[in-house]
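Just so you know, all these numbers are worked out from the coordinates, no wet-lab data involved. All of these numbers come straight from a predicted model, not from anything done at the bench. Positions of Cβ are backbone-derived with ideal geometry, glycine not excepted, and every protein chain shown enters the neighbour counts.
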Amino acid sequence: MTVARSLMLPLIAAAMLFSANAAVAAPTCQTPAGETARCGTPGAMPVGWTLPYDQRPELTRHTDTLSPAGWFALVALVGGLFALIALMPPFDRWGDTEEDGEEPR
């Protein structure tokens, strides 16, 4: 009887997980300008319609170059992280004595 009781909670949890319905998200639509909009609103195109690639604005296309200010920010961030690590105290042990009562090295 103890085996049945110990398996009851996992079986109930598994039954609840497998019987739950999956959440379905509502579809999204786009405007003729390529912006995302709620379907059925004025200016929204039909479900599944997307703006052709050659008509998309140039602002959405990303470049792989980094400006000098971006490089400076990246170097400052990494340098700051290394500075914080260098300023951390040593973590050799928790106290003056070891856990088993021995003297520190």
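Checking every one of the chymotrypsin sites (Phe, Trp or Tyr not before Pro) in the range 1-59 against DSSP loop status and a limit of 14 other Cβ atoms within 10 Å picks out TRP49.
Using the Karplus relation 6.51 cos²θ - 1.76 cosθ + 1.60 with θ = phi - 60°, the per-residue 3J(HN,Hα) values for the range 25-32 come to 7, 6, x, 10, 10, 10, 8, x Hz, with x marking Gly and Pro.
Close amide H partners of ALA37, meaning residues 5 or more places away or on another chain with modelled amide H under 5 Å apart, are CYS29, GLN30, THR31. The modelled label-to-label distance between ALA37 and ALA76, using points 7 Å beyond Cα along the C-beta direction, is 4.1 nm. Rounded to the nearest Hz, the phi-derived 3J(HN,Hα) couplings of the range 69-81 under the Karplus curve 6.51 cos²θ - 1.76 cosθ + 1.60 (θ = phi - 60°) are 5, x, 5, 4, 5, 5, 5, 5, 5, 5, x, x, 5, where x marks glycine and proline.
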